[in-house]
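What follows is calculated from the coordinates using simple rules that are stated; it is not laboratory data. Predicted, not measured: the structure shown is a model, and the values here were computed from it. Heads up, the Cβs are rebuilt from the backbone with ideal geometry, glycines too, and the neighbour counts pull from every protein chain shown.
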Amino acid sequence: MSWLQTHSKSRNSFSLGTISVSNEPEINLIPFIDVLLVVLIFLMISTTFTRYQELAITLPTASGSESQAESKQVHIAVSRDGRFAINGKVTDSSQLSNALTQLSNKDSNLQVNIDADAKAPHQSVMTALEAARDANLSNIVFSSQTKK
């Protein structure tokens, strides 16, 4: 008998440990992680569309203190290309007066905040002021940012 045959037999008969077969159920996490990544990607893609509803404006700077009076407010945003948004909803300049009139019918003590971009056309700011005047709103405030 050769040396190889004797060692192969002894290797089969001698074992350092036994392989135990587990009867417990095993949870495979790979499909779970795959599903979570797909849901995460879906949420990331779907939330990027919300930022297009508002106008990107840069407020002019001013020094002063904020008023402490609390009242119901309407924000009119005027972008640097002359577009309007009322409380974050983009509207046309022809519908600006009608929208403010509907809001003023609900509350007559409404404060109008005009958030105009620093490079917005003067005519667009005047259009927002005229729309507030047409809606009989007289409490008008211009927003600004503080100097840093």
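Which of rounded, prolate, oblate describes the stretch 69-148, given a ≥ b ≥ c as roots of the alpha-carbon gyration tensor eigenvalues and a/c under 1.5 marking rounded, otherwise prolate only if a/b is larger than b/c? It is oblate, given that a/c is not under 1.5 and a/b is not larger than b/c.
Applying 1/(1 + (r/R0)^6) with R0 = 25 Å to the Cβ-Cβ distance of LYS119 and MET44 gives a FRET efficiency near 0.20. Once the chain from THR146 to THR58 is taken as fully extended at 0.36 nm per residue, the excess over their C-alpha distance is 30.5 nm.
Put simply, the amide H of HIS75, placed in the peptide plane, has neighbours under 5 Å in ASN87, ASN113, leaving out anything fewer than 5 places away on its chain. Remark: the GLN95-LYS72 segment gains 6.2 nm on full extension, using 0.36 nm per residue and subtracting the alpha carbon distance.
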